[in-house]
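Here's the structure we're looking at; comments come further down.
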Amino acid sequence: MTGHQDHRRASARALIATAFALALAGAAFAQSYTTAKEVVDAMEAKPAPSTTIATMSMTITAASGHSLTRTMQVWSADEGRSQLIKFLEPADVRGSGFLSVEKASGDTETMIYLPALGRVRRVAGGQKQDAFFGSDFSYEEISSLSGDFGDDFETTLLETLPGPVYVLEGIAKPGSDGSYDRIVFQVPEATLLPQRVEFYRAGQLVKVLTISGTSAVGGYDLPSVIRMETVASGSYTTIDQSDFKVDEAIPADVFTERFLQR
Amino acid sequence: MSAGAHGGTGGSRTAGQHRDAGNDGNTGSRRRNLTVVAAFVVLSIGFGLGALRLRLDASVSAMLPDKSAVADLQREVSDVFGADAVMVALVEGDIYTQSAIAQLGKLTTSLAGVPGVNNVTSAANAQRMLDDDGFLLVEDLFPPDPTVADLAEAREYLETSPLYQGGLLVAQDGRSANVVMEVSADVDSAAMSNAIRAVLDEQWQGAGFGASHLVGGPLIDGEMRATLAREMPLLGGVAALLILVMLYLNFRTVRGALLPLMTVLVGLLWSLGTMGWLGAELTTLSVIAPVAILAVGSSFSLHLLGRFFQELSHGASKTAAIATARKETGLGVLISGLAIAAALCTFALSGMPTVRSLGLLTAGGVLATLVASLVLLPAVLGLLRPPRRVVDPEQPGVIAGFLTAVARFADKRRYAILVAAGVLLALAIFGTTRIVPNTAVIDYFNANSPLRHDYAVVEAAFGGSSQVEVLVEGDMSDPAALAAMLAFQGRVAAIDGVGHTTSIATVLRGIHHTLTGDLALPATREEVAQELLLYQLSGDPKQVSNYLTLDSRLARVDIATKSESTAVMRRIVSEIEAAGAATIGQYAQLGYTGSTVLQLAIEDALLHDFVLSLSLAIVLVVIIDSFVRSFRAAIVTILALLLTIALQYGMLGFFGIPLDLSTMLLGALAIGVGDYAIHLTVRYMEERRFGRPPEAAMSRALHSSGRSILFTALTLGAGFAAMIFSQFVPVRTLGSLMAFTVVSVGTASLTLLPAACLVFLRDPRGAAKAAAEA
């Protein structure tokens, strides 16, 4: 066989393979939503648990490789408006607690209990943009893990990737008090949970959020493996959530100063 | 043997006496000469294009030794704690006023927007942490539109808080404030420094407040780069002009002045072009290279042209004069050129890239100039018509009279000269014992320069502008280790020349003070961990991560030190290390780095290079000089050089000139530059081969080569003297000392060397044989 014949046969094989791939891709592109609004509405329409109890393991890793892992028990109710965190590990912070309750007035009361100091302190000055316990997440981002971007951003559908995975762009609405002026996020239709979110400020990519694992619990898809990377510093934080309990009645006294000290 | 070489004294001759010389060259030799010239032109254009690609790296980090534990530790500190470089601006004015605090806020915001500035801390954006009856408040130190009471409260906090006390942000008298900037080491330091200055001018002085003063490593980088960019063409131009004048005075012809510069231009282009094509960068020290190549390289042509004109004046044809110059004087030129290049190549063994770069750049330039002198110059001379008028070096005149007197003096007083040289050598060696090293970067600048003034002002208020960083590796969640760290800082603060010290212990004490009212550290591991947790929640997490890793295994103590001489720095670092060993050293492993320690590492590397390059250069020059077919002649020749080098370093000791970056390089540079003494030895041996007795041989050698040596000394001296105009202290010192060196080598070559030859080299190898053959 000549080299020329070889080449022609290889070209024919490539053409067939490409056609087959395109056919498969076409099948996979069968999408349910055609606009950003439809995607966002679908995300928001997804049922969410009324309460969540989970074990959270948070590992903060600096660019130098030094890291710190803390394990916490988290109680959350009212779509995250009431939240209690109790530190389980490491031993030197065991028993420490953090309580955050949004009042009817819209103000958030924040308290911390440190057993070594033996008293509860109310904390002021913590802003939504502040780092959550020195991690790469801010309070704002921790509360948006389920992809609740709709209120602060005007969204447009940029493209649809095989899957289908919707790529949306959110531009901060005028008057928004968020930290970022632009986000780009990818939402697989299968979960309607963002799998990757890029946060931009003044045209610069600031952080990248990746959700690489979800847990199906009680009919809900909950993010279980989450990573946030701060681009400039090279640091990142990973959160592993497990032992989910959803829609369990959490006694009202859990979100109190007394329970915090218990 | 050429007809003219021993044809007695001549005088000025007209071109008519050797017009036939113009027709000497047949078509073949003319074509050969044209080919040579064309090849040099093409190669020089090619290298010249490479030279256009050259870039300058004037950063202080470019000066760091590349195999240094201190530099490695600095990189680790930078990687782990993000502490690249710090710049401090001190702004003068009545700070505790509403308008000044508002303006300081604007200034802080504007500075944070400068590209390369990562973080800015000033009183205007500082926070305070208060425990208000169980309510933990973390708020701005100064509220918007502060009242008089707010200002007084903030002042009290700044003066008493463990985090800020001691004038860290505002001077105790309230008359100045510090703005501390963490900056990236990767940006263009000159552009960043200029942008910061512009903001200071606009947002402080321009707003009607007082003066501002800026200090920091990147500022020095920028200043050095700007000065170098300004000085390189200036110094080169002045050196070229001075050399041109000396060459003209020697040959009294335009071509005699221009041809040596042509060969040097070739050397410069080839050397710089090679660097450019290889992607190498020029550094601070590179400014020396073009001047050194210019000065040294022109001496090759000076000797060759001297011989060429001498042969012409004695009636030789142009072709014969070129051949004799290349054959007889060319040997000395070749040997001295190789010796100089070899001596400069010893810098290639340096642990510092900048010194290696200087050595190879200069050696390459010298070698290229040597090739141009031995190949291009004869070709150009072959193409040019012979000059209408040539000066015979041996013709009666002032210089000839002087050389006759010198020859007589060396003959009659040979032992006295040797004894005087011995006495001078002893004195010089005594002087070397008084040398004090000092390679402090700040001392590169004039004592009355604005930069030095700014440093003095900032250091008086801030306590120091240089840094010692202590990397502490251990269990830093142990309260005992933290207490030891605080004790270490206490001891260090008492050392003369040390300013503020900051560490995780300082931060924790501040948190604990706020939470409990006790000015102490947390007492248990749990308290340590939980107070840090609280601070991460409500304070600035960066204030923790700047000093402690997440796993609490590595900590950093930041110590501000004054920018003093390296001798003082050495004392400070030594005392800091002793304090560390006695305190925190019992709990953790300590490593020391920071700009202060890095400067000492540079000095240690330079001292190593100094000893290595000087001793190796001496050995290499002796070996290469032995190519004159006599090891004894090489040893005798280098005596003049050794005396000169001893005198150089003796002068440093007697005049209190520090052993610094440039003076350490002086020895090896001088031994190469000063090797033109070999020309006298070569000529003396040539005369001895023709059977002349030693005294007559030396007299003739002095009359011919002596003139070239005299003008080489003047030419080289003039070239290096151009460096005296530099704004850089080390470059200026090098220039003046090199000028002294070449003049003293010249003096030694015309006195000590003849005397030594007449005593120790009366019968050089080959003289007897040559005489027998004759």
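The table for this structure:
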{"quantity": "Cα-based radius of gyration of chain B once divided by 2.2 N^0.38 Å, which approximates compact folds", "calculated": "1.19"}
{"quantity": "Total formal charge among the other residues, if their Cβ is under 13 angstrom from that of B:Ser122, Lys/Arg +1 and Asp/Glu -1", "calculated": "-1"}
{"quantity": "Pairs of alpha carbons in the range B:235-283 whose separation is greater than 12 Å (percent)", "calculated": "67 percent"}
{"quantity": "Packing-based order for A:154-160, B:365-371, using average beta carbon neighbours within 10 Å, highest first", "calculated": "B:365-371, A:154-160"}
{"quantity": "Mean accessible surface per residue for chain B, computed with a 1.4 Å probe while every protein chain stays in place, in Å²", "calculated": "37 Å²"}
{"quantity": "Cα-Cα over 29 Å, subset of A:Lys207/B:Lys67; A:Lys86/B:Lys542; A:Lys103/A:Lys173; B:Lys542/B:Lys562; A:Lys86/A:Lys207", "calculated": "A:Lys207/B:Lys67"}
{"quantity": "Given charges at beta-carbon only (K, R positive; D, E negative), |dipole| of chain B in Debye", "calculated": "7020 debye"}
{"quantity": "Buried area at the A-B interface (accessible, heavy atoms, 1.4 Å probe, summed, Å²)", "calculated": "2500 Å²"}
{"quantity": "Lysines whose Cα lies under 30 Å from that of B:Lys412, excluding same-chain neighbours fewer than 8 positions away", "calculated": "B:Lys769"}
{"quantity": "Simple spin-label estimate for B:Ala229 and B:Asp186 in nanometres, 7 Å along Cα-Cβ", "calculated": "2.2 nm"}
{"quantity": "Candidate lysines for bridging to B:Lys318, where Cα separation is under 27 Å - those fewer than 8 sequence places away on the same chain excluded", "calculated": "B:Lys327"}
{"quantity": "Sulfur and carbon atoms: percent of accessible area, chain B [1.4 Å]", "calculated": "60 percent"}
{"quantity": "Helix-only CD estimate at 222 nm, as mean residue ellipticity for the protein assembly as shown, using -39500 (n - 2.57) per DSSP H run (n ≥ 4)", "calculated": "-16500 deg cm²/dmol"}
{"quantity": "On Cα atoms only, tilt of B:504-516 relative to the major axis of chain B in degrees", "calculated": "10 degrees"}
{"quantity": "Length released on extending from A:Glu102 to A:Ala232, taking residue separation times 0.36 nm less the Cα-Cα span", "calculated": "43.6 nm"}
{"quantity": "B:Val436-B:Thr524 FRET efficiency (beta carbon distance; Förster radius 56 Å; 0.05 resolution)", "calculated": "0.65"}
{"quantity": "Distance in nm between pseudo-label sites at B:Arg30 and A:Ala202 (7 Å out along the Cβ direction from Cα)", "calculated": "7.2 nm"}
{"quantity": "Cβ-Cβ FRET estimate between B:Asp79 and B:Arg55, R0 fixed at 25 Å, reported to 0.05", "calculated": "0.45"}
{"quantity": "Per-residue average of Cβ from other chains inside 10 Å of A:58-71", "calculated": "4"}
{"quantity": "Contour minus Cα-Cα distance for A:Asp78 and A:Val225 (0.36 nm per residue)", "calculated": "50.7 nm"}
{"quantity": "Cα-based convex hull, the protein assembly as shown, per residue volume (Å³, whole number)", "calculated": "239 Å³"}
{"quantity": "Contour excess over end-to-end distance, with Cα ends at B:Asn448 and B:Glu473 and 0.36 nm allotted per residue", "calculated": "4.8 nm"}
{"quantity": "Column: log10 I(q)/I(0), Debye, Cα scatterers of the range A:36-260, q = 0.10, 0.13, 0.14, 0.16 Å⁻¹", "calculated": "-0.47, -0.81, -0.95, -1.25"}
{"quantity": "Set of aspartates and glutamates near A:Lys245 by C-alpha distance (under 16 Å), chain-local residues within fewer than 8 positions excluded", "calculated": "A:Asp78, A:Glu79, A:Asp221"}
{"quantity": "Cα pair distances in the range B:453-600, grouped into 10 Å bins until the bin that holds the longest one, percent each", "calculated": "12, 41, 32, 14, 1"}
{"quantity": "Separation of the B:Ser626 and A:Glu189 label points, Cα + 7 Å toward Cβ, nm", "calculated": "8.8 nm"}
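The values are calculated or read from the model by the stated rules, or taken from the named source; none is laboratory data. If you're wondering where the values come from, they're calculated on a predicted model, not measured in any experiment. With ideal geometry, Cβ positions are generated from the backbone for all residues, glycine too; neighbour counts draw on all protein chains shown. Surface accessibility is based on the protein's heavy atoms, side chains included, excluding ligands, DNA and RNA. Shrake-Rupley method; radii C 1.70, N 1.55, O 1.52, S 1.80 Å.
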